[in-house]
Every structure is written in C-alpha cells, then in structure tokens.
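Written out below as structure tokens is the structure these notes cover.
The values are calculated or read from the model by the stated rules, or taken from the named source; none is laboratory data. Keep in mind that this is a model prediction, so the values were computed, not measured. Neighbour counts run over all protein chains shown; Cβ positions are idealised from the backbone, glycine included.
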C-alpha cells in the first residue's frame, strides 16, 4: 500500500486516532461530570442535544471559513482552540466542582462548533495525500482505525472512570488532543490559493448545497444516506436496551455485547475493503444496492430473533454492508469534487446527518414506546428497503464520471 509510506498521510491518521480517542474520553468524562453535579437525567440529555444542535449550526456555517482559509490551517487552528477550551473546562471543573453551572454547557457548545468545522476539513484532506488509485484502500484503512478505537475506547474510558474521576478524564483528553494537534501540524499539503475576491457570506453558505444539486452522483448518495440515517437510529442505546429486555430477556450488559459486535463487523468490513478494493471499484453500484438489500434483511431478522447468539451474529453482519457503503460513498465524493468543494460537501452532509439523526432518535423512541421494539426494527427495515429501491432506480448515478478539475488538482504534487 503506497499511501502508508506517505509521511503526511501517516500524520493524518495518527492525529485522527488520538482525536477520536480523545472524543470518547471527553464524552465519558462529561457524562460522569454532569451526573455528579446534577443527578438529573434532563441535564444529562443536554449533552447529546447541545452537541448535535451546535454541530449542525457549525456545519451550516463551515463554508464561510472554508472559502477564506487553507484547509490545513483551519484544521490546525480548530484543534488548538479545542485543546485550549478543554484546558479551560478542566480548570473550571477542578476549581468549581460543586453544583451545576451553565458554563459547562457553554464549553460543550463551543467545542461542538469547532468539531462541526474540523470534521469536513479533515475528511477533505485525504484526496490531497493519497493517489486516486489508492483512495479506496486508504478510506478502508481509516475506517478500520476509527472503529477499532471505538471498540477499545469505550470500555477503556469506563475502566479509567471507575479507577479515577471525571477531572482526570478531561485532563487526559487535553493531552490526547495536544498530541493530535502536533501530528496535524506536520501534515504537508499543496493548498489551493484562496481567490482574491471572497464570495458573499450567503454565496459561501449555499455553495455546498448548489454543488450537491448539480452533481447527480453526490445528490443520489446523500438522498440514500438521509433515508438510511432515519433507520440507523435503531442502534442507539435507548432502543437496544429495550430490545435486550423485551426480545432477549437478558441483563443490560448485553447492550454492550451487541454494540461491540456491531463495531467488530465494521472493522471486518474495513479489512474487506482494503483486500478487495479493486473489486469494489469495479462494481460500486452493485455493492451499494446489494448492501442496502442485505442491511434491510439483517435488521429485520435482528429485530425478530430472541436467540442471543444469533442477535450478536446479526449485529456483526449488519456492520459489514453498512461500513462498506460508507467507504464507497467517501470514495465517490472524493472523485467528484475538488479540495474546497469537497470540504463544503462534507459540511452539508454533516448538517443533514446530524439533524436527521436527532429527529430519528425521537421518532424511533416514540414508535418503541407506543408499540414495541419489534415494530421499530420492522419500520427501520422498511426504510432501508425503500433506500434500496431508490438506489436501484438511480443506479446510473452511482456510476458517475469524475469531474476534470478534481482529477487535475489531486493526481499530482502529492506530498510525501
């Protein structure tokens, strides 16, 4: 794999790995902190609510920054500011660790704003560091690293929390983000020059949406992902907890087992992508449509079974087509957009997914409470099947041609 010899790519994935682990510890520490300060489920729910809302706002406004500054500079500055905010949060909770304060939510909101900008920019850097023929493997590799950290990070964070406290976790998060930032600084990219006349604010904000409307392949992919995101909220803790209780009739620890199986399936799918990248590129449309059909079937079977071992197997298998689709989507996005445009497309994608996911959690929670958990999984299966039908109807868009400017700007001068 040629991309593994690229020093800048190595700095990117190592930096992302530290940042992802830091994100996990950050959530673990904050959950413990908020519960200790308030003992309230309402204030605890403010964490995901605040994070989702402010990431959504940040994703909408991200093009304003992307149009005016080089991508690497945006990423480095956002990482530094996030580290500084975490230092301030650590000082606050160490000095004033008694009673709930709106200051904690304020820090969460500011950090979420930075995350909403950093995420699309980080994803848009990959095509500048990896040759076009290696991108599928590179994306698969990045997903393996990400999912492995998720599998290991949550139990590790829980162990650390039991043996220490939330303040220690926050300070550990500061160290992880500082290391991540140092690696990010070492990335070398050939930045596009910013135009002498920046577009208007409204022009920047709507540019990503306009691009999506103009490129059929990206428009189709985001439409499919919108539908599947509505369905994927079935895997949140609130639904799986009830599934374990009603279907499997087992203890709450089985939520953790199912969650781990799901992520293990995603890891295997990343390894599959690395091994069979050429095959995936040759039959992109088939793998997207067949993967949707398989996901619909697997989630239906998962929702109806009451056999624990089978539930673990189905959760693992569901992770395979789910992650393969995500890697393929990323590859197609990278092939159809230049550096700045790609970052703005990712920002739009993030905004759509954040808002959709927030709404779908409420919708599926309502269905689960009003009917039962089996109905929730049947509903999710139906949504994914509709996405399969839509993808089949739009299969020509899934074989779209690459635009000239993306190739010319990304196939040469790759930093080593």
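General remarks:
- Residues in the range 112-157 that are out of contact with any helix residue (DSSP H, G or I) (no Cβ under 7 Å at 6 or more places or on another chain) and closer than 27 Å to residue 260 by Cβ: 3 in all.
- Test: residue in the range 175-195 that is closer than 30 Å to residue 397 by Cα, at pLDDT below 90 and assigned to a helix (DSSP H, G or I): no
- The listed residue being surrounded by fewer than 22 Cβ atoms within 10 Å (Cβ to Cβ) and farther than 19 Å from residue 247 by Cβ, out of 313, 320, 342, 301: 320
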